[in-house]
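**Student:** Below you'll find the structure I mean.
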């Protein structure tokens, strides 16, 4: 495989397609590092090798590592009920509470319907606030019954970690992961921001223009799920190398047992959509034995991929919400060289009986309205909560094209969305009761 990393990064950042990017690749023998574009589109400062960028939900791999350290130290067993360690936790569905295990927190099977909190004043954004919020949250599904991407599960796991360690979560990330691995260009605690060069994200506004986000972080109470951690791409690759090296860093320091590192990479369940993604503990699993996690946020699009068989790892961090800008020229060729490929979704011709699918489906954060116009099936996706200031409150309308049994490709103006849409759980009349998309579940409400 031959990719001119520098040329690809330069072309996409200089064209304005992406604001800034930081790329690092360990090829098994040496580290490749490339940066391009602007770390701050307002001041015009460039991205440099020591510029920290948001990793978003890639933080979940870090948080799972902290949690597995509890397992290594005999403080937690994965099949323990969560209430054994957090008896003060309350849920909107009290019947579900005793059935949720620690494993369900970090493999997305707990079912708690709490994707993201609303923004609050700074002093009301502690992690404990998110834990207290759970008292009003209902279930997307019964514990262990299905799989839906769970930010709150990660937050609860992080809170258990800080409670059992007697040390704040932000401090634990630094003292138990960053410092032992020698990661000098990484932060979890935003009070450390003045010590570093950091990026600021750009979002696509309603007119398709990149504008700087006025909210550089997601609500801080969801820190363990990905609100605050910023790293260089090189530091992130160095962290991942420790996990695929049996828990031992490149400096020889062990942060995790070999058994726990291996367990994180073992399949536990899978998502409805994309139906090819499997889930370990913290990690997501792709074909060809590739470990993966992505991250998003206000003007953030980041990815981390690791290939344990060859020992190779790469990370691509951007301060821009244009997902997938590097896929065709950088990410996909890299994955193909590792033997990780996905079958294309092929349209199935013929008329569609839309009756099982039409209706409204919701989660705490998003609503889908599925309807027909003429012979075309559509889905309107709209936020139910003000998350980013540039969100389209009216939603985005996707045309749906059948590509499998109750599986549809979503597209806008002929451009496919990254994730397909799946319907499951028909009732006695054949109407589907759940919709799966973007690794989440949405239940029928009408």
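**Student:** Based on this model, can you work out whether residue 123 counts as assigned to a helix (DSSP H, G or I), in the same structural domain as residue 240 (by TED's automatic domain parsing) and either touching a residue at least 24 places away in the same chain (Cβ under 8 Å) or over 18 Å from the mean Cα position of the chain (by Cα) (or both)?
**Tutor:** Against the criterion (assigned to a helix (DSSP H, G or I), in the same structural domain as residue 240 (by TED's automatic domain parsing) and either touching a residue at least 24 places away in the same chain (Cβ under 8 Å) or over 18 Å from the mean Cα position of the chain (by Cα) (or both)), residue 123 qualifies.
Here's the yes/no breakdown for (1) under 25 Å from the mean Cα position of the chain (by Cα); (2) crowded, with 24+ Cβ neighbours inside 10 Å:
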site: 3; (1), (2): no, no
site: 9; (1), (2): yes, yes
site: 21; (1), (2): yes, yes
site: 25; (1), (2): yes, no
site: 30; (1), (2): no, no
site: 33; (1), (2): yes, no
site: 37; (1), (2): yes, yes
site: 44; (1), (2): no, no
site: 61; (1), (2): yes, yes
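**Student:** Something else: On the basis of being modelled with pLDDT of 95 or more, closer than 26 Å to residue 28 by Cα and touching a helix residue (DSSP H, G or I) at 6+ places or on another chain (Cβ under 8 Å), does residue 311 make the cut?
**Tutor:** yes
**Student:** Given the conditions (1) closer than 29 Å to residue 11 by Cα; (2) free of Cβ contacts under 8 Å to residues at least 12 places away in the same chain; (3) part of a loop (DSSP other than H, G, I, E, B), report the number of the one that residue 332 does not fulfil.
**Tutor:** Against the list (1) closer than 29 Å to residue 11 by Cα; (2) free of Cβ contacts under 8 Å to residues at least 12 places away in the same chain; (3) part of a loop (DSSP other than H, G, I, E, B), residue 332 comes up short only on (3).
**Student:** So is residue 172 surrounded by 18 or more Cβ atoms within 10 Å (Cβ to Cβ), touching a residue at least 24 places away in the same chain (Cβ under 8 Å), assigned by TED's automatic domain parsing to the domain that holds residue 59 and not in a helix (DSSP H, G or I) or not?
**Tutor:** So residue 172 does not fit the description; no.
**Student:** Look at residue 54 and say whether it is under 27 Å from residue 264 (Cβ atoms), modelled with pLDDT of 95 or more, in the same structural domain as residue 224 (by TED's automatic domain parsing) and under 20 Å from the mean Cα position of the chain (by Cα).
**Tutor:** The answer is yes for residue 54.
**Student:** Considering only segment 46-68, state which residues are part of a strand (DSSP E or B) and within 30 Å of residue 169 (Cβ to Cβ).
**Tutor:** Those that are part of a strand (DSSP E or B) and within 30 Å of residue 169 (Cβ to Cβ): 51, 52, 53, 54.
Conditions tested, residue by residue: (1) modelled with pLDDT of 95 or more; (2) touching a helix residue (DSSP H, G or I) at 6+ places or on another chain (Cβ under 6 Å); (3) over 30 Å from residue 26 (Cβ atoms).
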site: 293; (1), (2), (3): yes, yes, no
site: 302; (1), (2), (3): yes, yes, no
site: 315; (1), (2), (3): yes, yes, no
site: 322; (1), (2), (3): no, no, no
site: 357; (1), (2), (3): yes, no, yes
site: 369; (1), (2), (3): yes, no, yes
site: 380; (1), (2), (3): yes, no, yes
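The values are calculated or read from the model by the stated rules, or taken from the named source; none is laboratory data. What you see is a predicted model; the values in this text were computed from it and never measured. Here Cβ is always computed from backbone atoms with ideal geometry, including for glycine, and neighbour counts include all displayed protein chains.
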